[in-house]
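Shown next, in structure tokens, is the structure this report addresses.
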Amino acid sequence: MDSVRIDKYLWSIRAFKTRSDATQACRGGKVRVNGADAKASREVKVGDVLTVRKGPATFTYKVNELVSKRQGAKNVAAFADNLTPQEEYAKLARPVETVVFRRDPGAGRPTKRDRRQLDDLVLGTEESVSASWEEGGYEQWEEVAERWEEEEKASAGEEERKGFDMWAEEEQQESWFSQLDEELDALEDGLDVLDERDDNKE
């Protein structure tokens, strides 16, 4: 095997749950090969570096060996090196809620102690991600990325459904107007016939 389609390869190394998900990611411009955008039909070769954007994070893989069949999680390392930086996994751990720090009126600017406490709070999450990575727990962050992807797809699907509903409503309105026009035309034809009869009687 000299090459394999990128969508099939990404599915085989478990970067995506389904091959169709991998194909959609390629179409959406979320997959790159050696820094260039890749279509689903793009062929990958040993040594290629692949980047895959999932949610806020970008995952990086290096092709070690070609494969076209879905592999178990324990076998993936034989076919691809996961080169994803820890910083990308840290993006998945950041809270989505906005944290508001409130200070009493007249308290002045934050002191050095206040700033250290703020840094400890913000950096605590990244340290926990780093520890998880060192323990081999990076797979759990890939699962988080997949959940981000699913939420994005669900959101896109909701927007598409709303668009379809609006289209259907417009189509229904056009159908009503068309029917009304036909009825008005028939009424005018009937009035013309009556006018002709009155003219003939005179």
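Values in this text are rule-based calculations from the coordinates and carry no lab data. Just so we're clear, the structure is a prediction, and the values are computed from it rather than from any experiment. Neighbour counts are summed over all protein chains in view; Cβ atoms, including those assigned to glycine, are modelled from backbone coordinates with ideal geometry.
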* **Ranked list, fewest to most other Cβ atoms within 10 Å of each Cβ, for VAL33, VAL63** => VAL33, VAL63
* **Over segment 1-84: Rg over Rh, Cα atoms, Kirkwood Rh** => 0.91
* Normalising by the residue count of segment 1-84, find the relative contact order in percent from Cα pairs under 8 Å and 6+ residues apart. => 31
* To do: Could I have the simple spin-label model distance between LEU180 and VAL46, label points 7 Å from Cα toward Cβ, reported in nm to one decimal?
  => 7.1
* Structure fact -> Ranked from fewest to most other Cβ atoms within 10 Å of their own Cβ, ILE6, ILE13 fall in the order ILE13, ILE6
